[in-house]
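Before any comments, here is the structure.
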Amino acid sequence: LAKAGKDYGAVMAGKDLGNPDEAAFIAYVHKKGWDDAQYTREALGAIAKTHSKVWSTMMDASMYLFGVSEKWNRGTTMLAAYRLARKQGLNHLEAADRAKTSSDKAHGVYGKSTMPMWAQGTNPSAKIGQMMYVYQKFGHNYLQMLWHMFSKVKGENGEITKERNVKGFMFALLSPVVLAGGAAFPFKDLIFGAFGFILGLLGYDKDPEKWVWDQIRDHLGGDAEKVGRHGLTGAM
């Protein structure tokens with residue numbers, strides 16, 4: 001994946017990878033718009049509905065790098081999946097289709113078609129629903145990806161066609177925490193709520209989250225608390 005990221009970045013900079021099949025695949029990805037910054041485009045669309053034209057223009061400029069990084073992430077995922085599929089013996093078209101599916105599952109599909117029913121349409125209430133929901137899709141896509149990784153899939157005859165990817169599930173679950181700290185842990189509030197209930201039964205009348213960070217600081221030091229709270233990004 002790291003090699004694919006480096007190579008796709010080189011392609012975005014106008015360089016040739018020297019592999020005809022991969023060059024044809026990337027050209028097809030660009031033609032079909034598979035690496036478009038869908039999340040950025042939809043977010044900017046929501047901003048444009050609520051703010052002036054001048055503000056929207058400013059946001060377009062400020063979100064440029066965000067859009068480039070999303071395009072790079074999607075392209076990296078597809079190139080890595082394409083290479084893996086070819087190594088598994090799939091032909092060019094089969095590998096391209098597998099790459100698109102991988103990107104959609106990893107990064108989500110944005111647009112009106114993936115809005116909930118109450119947010120579809122052009123009436124005023126639907127427009128408001130679209131603005132309210134656009135930032136929720138990322139979390140929903142993330143949960144769907146986790147479910148897909150951790151679940152088994154059975155065929156028509158009961159045979160297992162996809163095993164659980166426990167390693168991938170753990171990477172996907174913990175990577176936000178590593179980068180952004182404990183605040184990004186999925187279901188953090190729910191977990192701490194349950195933990196607070198247990199602490200209450202044990203006679204501790206303290207905020208559960210504060211208690212956890214106090215314990216980490218007391219036993220592992222202030223740096224450990226900083227990394228735990230804010231991840232590697234915060235530590236840097």
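The values are calculated or read from the model by the stated rules, or taken from the named source; none is laboratory data. All of these numbers come straight from a predicted model, not from anything done at the bench. Quick reminder, even Gly has a Cβ in these numbers, built from the backbone with ideal geometry, and neighbours come from all protein chains shown. Note: accessible area is taken over every heavy atom of the protein model, side chains too, but ligands, DNA and RNA are not part of it. Shrake-Rupley method; radii C 1.70, N 1.55, O 1.52, S 1.80 Å.
Across region 122-160, the residues whose backbone nitrogen lies under 14 Å from the label position 7 Å along the beta-carbon direction of VAL166 are 150-152. Ligands, DNA and RNA left out, the accessible area of region 103-226 computed with a 1.4 Å probe is 64% carbon and sulfur.
Pairs of alpha carbons in the chain separated by more than 28 Å make up 50% of all such pairs. Neighbours of PHE192 by Cβ distance under 11 Å: Lys/Arg scored +1, Asp/Glu scored -1, total -1. Using only alpha carbon pairs under 8 Å that are at least six residues apart, calculate the relative contact order of the chain and give it in whole percent. The normalised contact order for the chain reaches 13 percent.
For region 66-113, averaging the sequence separation of C-alpha pairs within contact (under 8 Å, six or more residues apart) and dividing by the residue count gives a relative contact order of 38 percent. Once you keep just the Cα pairs under 8 angstrom separated by 6 or more residues, what percentage relative contact order results for region 104-236? After rounding, I find 17 percent.
Enter the angle in degrees (range 0 to 90, nearest 10) between the Cα long axis of helix 20-32 and the first principal axis of the Cα atoms of the chain, meaning the one along which they spread out most. It is inclined by approximately 70 degrees. Here the Karplus relation 6.51 cos²θ - 1.76 cosθ + 1.60, evaluated at θ = phi - 60°, turns the backbone of region 65-73 into coupling constants of 5, 4, x, 5, 5, 5, 4, 5, 4 Hz, with x for every Gly and Pro. Per residue, the chain exposes 65 Å² of accessible surface when a 1.4 Å probe is rolled over the protein heavy atoms with every protein chain present. With Cα atoms defining each centre, region 141-209 and region 65-80 are spaced 25 Å apart in the structure.
For region 147-228, take N as its residue count and report Rg(C-alpha) divided by 2.2 N^0.38 Å.
The value comes to 1.53.
Counted by Cβ distance under 15 Å from THR114, the other residues give a net charge of +1, where Lys and Arg count +1 and Asp and Glu count -1. Helical runs (DSSP H, four residues minimum) scored at -39500 (n - 2.57) apiece and divided by the length of the chain put the mean residue ellipticity at 222 nm at -23000 deg cm²/dmol.
Full extension of the chain between THR101 and ALA13 yields a length gain of 29.2 nm, computed as 0.36 nm times the residue separation minus the alpha carbon distance.
Out of the GluC sites (Glu not before Pro) in region 146-225, which ones are loop residues according to DSSP with at most 14 other C-beta atoms within 10 Å? Walk me through the intermediate numbers first.
Details: sites: GLU156, GLU159, GLU163, GLU209, GLU225; in loops: GLU156, GLU159, GLU163.
The qualifying sites are GLU156, GLU159, GLU163.
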